[in-house]
Amino acid sequence: MIYLDHNATTPVSNEVLQAMMPFFQESFGNASSFYKPARSARAAIADARNTVAECIHASPGEIIFTGSGTEADNLCLRGVARAFYGREIHIITSSIEHHAILNTCRDLEEQGVRITRLPADACGRVDPDTVLKNITDNTVLISIMYANNETGVIQPIEAVSEIARKKGILFHTDAVQAFGKIPVSVEDLGVDLMTICAHKIYGPKGAGALYVRKGTAIAPVITGGMHEMGMRAGTENVPAVIGFAKAAETAVASLDETSVKVGLLRDSLENRIKETIDRVIIHGSEARRIPNTASISFAAIDGESILLHLDLREICASTGSACATGSSEPSHVLRAMGVSPIDAASTIRFSLGRSNTSEEIDVTVKALQEIAGRLRSISSIHNH
């Protein structure tokens, strides 16, 4: 199998699995209890919190472990809205966000929160000046993702955070796709809140985190016990937290080497597709992108048909966000960039990982040449 869908999820690495194993059966205690197995679990969580904090240049007390990136996004948006309950609330976000942000904003909107969704330009970037122009006296939060999960385009987070800071407005970035692929420092970015998760960086599913800068106004969404400093009730998933920390540590340590290797493979894939297949568009290629992601339209071919033919050859890719699978609508990200519905429907996302090889790129390009030729010939017969 050739796996080119690492933005959807990644396999758990051997070192992460080994770090997790003792906490399933040996150190299985509930970290909120007081006997020895519990103390062992509690100490391990504290170490994991320290590790994750170091990876993003935060303090341990600013890391709240959650069950996913989606939950962390929900905690941010709903938690800030709850903290400002009783007054008019305005939140600014973008039209290219992950559904974890967009659908949560839609729900908050139904509860009376005013939401502004900013457009993106043709390269998939949000303009900081547009952010500034849409700020009102009631704006309490701005949430703009760091790197887009479909196109890989990196947003001007530092510029937006500076605007937010000068206006006294909280700023959140969903850094799920950026973390582990490019340097991520909460201090350099100037954010108040940031979402990351484990399963995009060779860690386990079911583990995410929300960075909350000390002093930030936010209220819990899941209530119960006093877990996670009172911000996220529920017995901690100790193995997942340990796995998250190990994955984060490994990703940051190998960041430079991995990003260079993966970037060269991504560029090779794009260049060879452009050279050998006509009528292709690479979305976001003129903007700064994370090094592993390629969003490519193949004119006059249905994207799902390409995926089916790739799958028959045991090559895994996607038509966009895995969270949108089953939707008949064209990618909201590409539509926000001004891409036509037809071109959006013909787009495939390839997202590479550290295990991919140049030989796999060779096989993939050859397969795409054959698939594009065959599907376009069928299409021309039908159209004729």
- Message: I'd like to know if the range 278-285 contains one or more residues that are modelled with pLDDT of 95 or more and loosely packed, with under 14 Cβ neighbours inside 10 Å.
- Response: yes
- Can you find a residue in the range 29-39 that is touching a strand residue (DSSP E or B) at 6+ places or on another chain (Cβ under 9 Å), of a type in the set (Lys, Arg) and surrounded by 14 or more Cβ atoms within 10 Å (Cβ to Cβ)? no
- Task: Select from the range 55-96 the residues that are within 19 Å of GLY190 (Cα to Cα) and among the β-branched types (Val, Ile, Thr) and list them in ascending order.
- Result: ILE56, ILE63, ILE64, VAL80, ILE91, ILE92, THR93
- Go through the range 13-23 residue by residue and tally those that are in contact (Cβ under 8 Å) with a residue 40 or more places away in the chain and either surrounded by 20 or more Cβ atoms within 10 Å (Cβ to Cβ) or assigned to a helix (DSSP H, G or I) (or both). 6
- Query: Wholly within the range 136-238, which strands (runs of 3 or more DSSP E) include no fewer than the required count, namely at least 1 residues that are among the β-branched types (Val, Ile, Thr) and surrounded by fewer than 24 Cβ atoms within 10 Å (Cβ to Cβ)?
  - Reply: 139-143
- Of all residues in the range 334-370, how many are in contact (Cβ under 8 Å) with a residue 12 or more places away in the chain, among the charged types (D, E, K, R) and within 17 Å of THR276 (Cα to Cα)? 1
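Each row is one residue, and each column tells you yes or no for (1) in contact (Cβ under 8 Å) with a residue 60 or more places away in the chain; (2) surrounded by fewer than 17 Cβ atoms within 10 Å (Cβ to Cβ).
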residue: ILE89; (1), (2): no, no
residue: ILE92; (1), (2): no, no
residue: ILE101; (1), (2): yes, no
residue: GLU109; (1), (2): no, yes
- Task: Name the one entry in GLY190, GLY203, GLY208, GLY180 that is among the small types (Gly, Ala, Ser), over 22 Å from THR70 (Cβ atoms) and in the same structural domain as ALA245 (by TED's automatic domain parsing).
- Result: GLY190
- Item | All positions within the range 260-315 that are closer than 25 Å to GLY180 by Cβ and acidic (Asp, Glu) | ASP267, GLU270, GLU286
- Item | Residue ID - farthest from ALA300 (Cα to Cα), chosen from residues in the range 319-335 that are at pLDDT 75 or above and surrounded by fewer than 22 Cβ atoms within 10 Å (Cβ to Cβ) | HIS332
- Item | Residues (touching a Phe, Trp or Tyr at 6+ places or on another chain (Cβ under 8 Å) and within 24 Å of GLU228 (Cβ to Cβ)) located in the range 1-48 | VAL12, VAL16, GLY29, PRO37, ALA41, ALA44, ILE45, ALA48
- Just a yes or no: is a residue in the range 24-40 assigned to a loop (DSSP other than H, G, I, E, B), within 16 Å of the chain's Cα centre (by Cα) and touching a residue at least 12 places away in the same chain (Cβ under 8 Å)? no
- Query: Out of (1) closer than 12 Å to VAL238 by Cβ; (2) touching a Gly at 6+ places or on another chain (Cβ under 7 Å); (3) touching a residue at least 40 places away in the same chain (Cβ under 8 Å); (4) part of a helix (DSSP H, G or I), what's the single condition that is false for ASP47?
  - Reply: (2)
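The values are calculated or read from the model by the stated rules, or taken from the named source; none is laboratory data. Worth saying up front: this structure is predicted, and the values here are computed from it rather than measured. Positions of Cβ are generated from backbone atoms using ideal geometry, with glycine treated the same way; all protein chains shown enter the neighbour counts.
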